[in-house]
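Structure first, commentary second.
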Amino acid sequence: KNQVEQSPQSLIILEGKNCTLQCNYTVSPFSNLRWYKQDTGRGPVSLTIMTFSENTKSNGRYTATLDADTKQSSLHITASQLSDSASYICVVSPKGTASKLTFGTGTRLQVTL
Amino acid sequence: DAGITQSPRHKVTETGTPVTLRCHQTENHRYMYWYRQDPGHGLRLIHYSYGVKDTDKGEVSDGYSVSRSKTEDFLLTLESATSSQTSVYFCAISDGWPGGDYGYTFGSGTRLTVV
């Protein structure tokens, strides 16, 4: 069964600090890997999307990396802000199964003063 | 969320009653999806549509039906609501199949409580 596992489940950091969120997946072969940010009470919003041939993608202070050999991805947040408090969800699209995205359960990040 | 609207945002209903959730898009995207989000689970696909009157089941489709009579509207119906269907429901749209590098946009969600 295709799975996407994220760690840690939750994280608390001080404003201005950096953090890294992890995503391990068993989906293979896969077409692309996405990271989403979900604020409380809102829908997920896309941060990055990487194909299997890419190993890094940035969106402002967010940088996603991908190691297709080890089936791992990470999302690095630089100089965190209070507005970064949210859940971050890793999503993998299996190759050939167009609508069957596999979602991780997310990492809940809290940025505090 | 720009281009995609879900209604209602919140609903409380009684067990055994039918419930319809609506998703409306202004992006003219071909693909529309219904997901549910529950604690401890990733988003799970209920049904999806790849065009007007073209729909298919997702991984958790039991107890749900959908209809798409116009490009812009995708309706999710709980035929006889049960407490296990208490959840947050998200609609999503895509301008191409998710296996490609296409955008995949979510609505703001509908929080449904079945009592």
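Values in this text are rule-based calculations from the coordinates and carry no lab data. The structure displayed is predicted, hence computed values, not measured ones. Neighbour counts run over all protein chains shown; Cβ positions are idealised from the backbone, glycine included.
Let me have the relative contact order for the range B:47-106, percent, based on Cα pairs under 8 Å that are six or more residues apart. Write out the running numbers ahead of the final one.
Working: 69 pairs, mean separation 12.2, N = 60.
Computed value for the range B:47-106: 20 percent relative contact order.
Using C-alpha pairs below 8 Å separated by at least 6 residues, the relative contact order for chain B is 35 percent.
Antiparallel versus total DSSP beta bridges in chain A: what percent is that, nearest 5? Could you put the intermediate results ahead of the total?
On the way: 39 of 44 bridges.
The answer is about 90 percent antiparallel.
Which net charge results when you count Lys and Arg as +1 and Asp and Glu as -1 among the other residues whose beta-carbon is under 13 Å from that of B:Lys70?
On the way: positive: B:Arg22, B:Arg30, B:Lys53, B:Arg68; negative: B:Asp54, B:Glu72, B:Asp73.
Overall, the nearby charge balance is +1.
Taken over the range A:1-85, lysine pairs spaced eight or more positions apart, or on distinct chains, with alpha carbons under 23 Å apart number 6.
From the Cα trace of chain A, what convex hull volume per residue do you get, rounded to a whole Å³? Display every interim value, and only then the final one.
Numbers: hull volume 10.5 nm³, N = 113.
Considering the Cα atoms of chain A, their hull volume per residue is 93 Å³.
Once the C-beta distance of B:Thr15 and A:Ser83 is scaled by a Förster radius of 35 Å, the resulting FRET efficiency is 0.35 to the nearest 0.05.
Mind putting a number on the dipole of chain B about its Cα centre? Charges go on the C-beta only, +1 for Lys and Arg and -1 for Asp and Glu, and I need it in Debye to the nearest 20. Could the numbers behind the result be given before it?
Details: 11 positive and 13 negative charges, 48 e Å.
With Lys and Arg at +1 and Asp and Glu at -1, about 220 debye.
Look at the dipole of chain B built from charges on Cβ: of B:Ser94, B:Thr77, B:Tyr31, the Cα furthest out on the positive end belongs to B:Thr77. Annotation: for a label point projected 7 angstrom from Cα along Cα→Cβ of A:Lys95, residues of the range B:75-115 with backbone N closer than 15 Å are B:99-101.
Just the number, please: percent antiparallel of the DSSP beta bridges in the protein assembly as shown, rounded to the nearest 5.
Here the share of antiparallel DSSP bridges comes out near 90 percent.
Electrostatic bookkeeping for B:Thr82 treats Lys and Arg as +1 and Asp and Glu as -1; over the other residues with beta carbon under 14 Å from its beta carbon, the sum is -3.
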